[in-house]
1. Contact order normalised by length for the range 300-489, with contacts defined as Cα pairs under 8 Å and 6 or more residues apart; what percent is it?
2. Can you pull the three principal axis extents for the Cα set of the range 340-423, in Å, largest first?
3. Tell me which residues come under 5 Å, amide H to amide H, from residue 412 once H is placed; ignore anything under 5 positions away on its chain.
4. Please report, in cubic angstrom per residue, the volume enclosed by the convex hull of the alpha-carbon atoms of the range 300-489.
5. For the range 69-86, in order, what is each residue's ³J(HN,Hα) by Karplus, 6.51 cos²θ - 1.76 cosθ + 1.60 with θ = phi - 60°, in whole Hz (x at glycine and Pro)?
6. Of 350/397; 360/397; 92/116, which sit over 21 Å apart, Cα to Cα?
7. Once amide H atoms are placed 1.01 Å from N in the peptide plane, what residues at a sequence separation of 5 or more from residue 111, or on another chain, have their amide H within under 5 Å of its amide H?
8. Each residue of the range 422-433 in turn: what ³J(HN,Hα) in whole Hz from Karplus with 6.51, -1.76, 1.60 and θ = phi - 60°, glycine and Pro shown as x?
Amino acid sequence: MKMFSTLRKRSIALEVMLVFLVILGMTIAAGYLLRNVTRHLVDDARDAVWETSVPSSFVFRMMDEQWMIHQTIASALVRGTAINALKAEIGKREQETDKRWNELLGWSLYFPPAPKAAIERTTVKLNAFRASYRQTLAMLELGNAVGARANSQSAEADAVLMLAGGVSGLLQTMGERIDIMQQRMENTAERGVTQFIWIALTIGALLLLSYGVIHFRIIRPILSLNGTMEALAAGDLAVPVQPVVRDDEIGRMVKTVGVFKEGLLKINRLFNALEQSQEANTRTNEAMMRALIGLAGARDNETGAHLDRTQLYVSILCETLAADPEFAQELGAEAVQHLVAAAPLHDIGKVAIPDHILHKPGRLTDDEFAIMKTHVVEGLSVIDKVIRDVGVTPYLKATRDVIAGHHERYDGKGYPYQVAGRDIPLGGRIMALADVYDALRSARVYKAAMSHEQARQILIEGSATHFDPKVVAAFLQAESRFRQIADTMGDQAQAEPPVEISLKSA
């Protein structure tokens, strides 16, 4: 039972293996058949070529030698050639004839009966011709030239004619043998082609059947599953999963996809719940930040318009710098969003500054200014406590960078940590220029608001000492937008503690 269960669960593998074995067997059979047909055709062709070329050439050359012997004797009888020279020449020709004819006689043992009998008859006539011309030579050797001439013209001539007739019959028999071989080749080829066509048709039918089995049993279900998986991967959790009707590999895959879909549905529900929770947390955090901003505004005389303006300035500087390949990666869309949202919290630490210093109407003493400068550290303390409680987030990191760096100077003479150059966080370098520009353009009880040109000149003079040159360049590129914001959203003169806005102490 266990064996049958295993076979049933692996039916797809068995189906593919069976199809493969059948096709392999038929292919081997077709190859074997083709090999046999080819071998028979080659054998028949070889036999036909051999029987037409080799034996026939031997017969022709034998007949040519005998005719030359007859002509040599006839010529010698006319010219009176010496008998010894004549016998030597004829003996040489006999040796050539015997060599080839004996070889042909040896091969004739394997010939069919008709060619074999024809060769034997021709051999008898060859021997008769030899006996005739040898008698002529014997007469010449005895000095009987008249008798030799008569024998040559009668008995010898008759013998050579009979030999020629025998050779003609032999060649005719061989020609008939060629016809037989040709017919055999045609029959072999026709039979082989017929068998090969049947094998090819059978293989074609098996291939078609195999394609049907593989397509409907394997490919089509897998394509359907693939479409389902792609839809699920694209987020279409409503896509139906085909029902499980098979207990094989495909069926197990269908079950797996069903389980996968259920898992995705659970994950989606959890994700939605988490997203709702995160949205609630985000709203809570935003409310807390707004409360902090409101708290800072309640303690500081800076107006909400100041926070709005600096936030807009930061947004413009980020947008301009992001177009520079040097800052494109650092100022992605999300990073800019966090940085702009953090800008209003740059002076959150002022909530810890005593009122008599924060609201002093005149210029601060050195001791008072030293206390005022602690608002950066106090602001960092507030944000660091939040980070310890909820963990660091991109928004909190951006807020920390803005607070920590907005009073640092590019030459390292700022506060609270005297950080210089690119060691100052980019958010701090951007906030520093935005804060100073707004302070320069704002009216206070102890000073009038500067014009855009005056503020612009101060920022240019502070490039590479107070401000990052790249940030100054971004300001100059977008200064018309700065001017418009300052002109349309400027504060009215208000009682507010003086802040150091010169390049020396801003």
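1. 23 percent
2. For the range 340-423, the Cα spread along each principal axis is 39, 30, 21 Å.
3. 421
4. Convex hull volume per residue, Cα atoms: 117 Å³.
5. Once rounded to whole Hz, the list reads 4, 4, 5, 5, 5, 4, 5, 5, 5, 7, 8, x, 5, 4, 5, 5, 5, 5.
6. 360/397; 92/116
7. Sorted by chain and number, the residues that satisfy this come to none at all.
8. Coupling constants for the range 422-433: 6, 6, 6, x, 4, x, x, 5, 5, 5, 4, 5 Hz.
Values in this text are rule-based calculations from the coordinates and carry no lab data. All values reported here derive from a predicted model rather than from experimental measurement.
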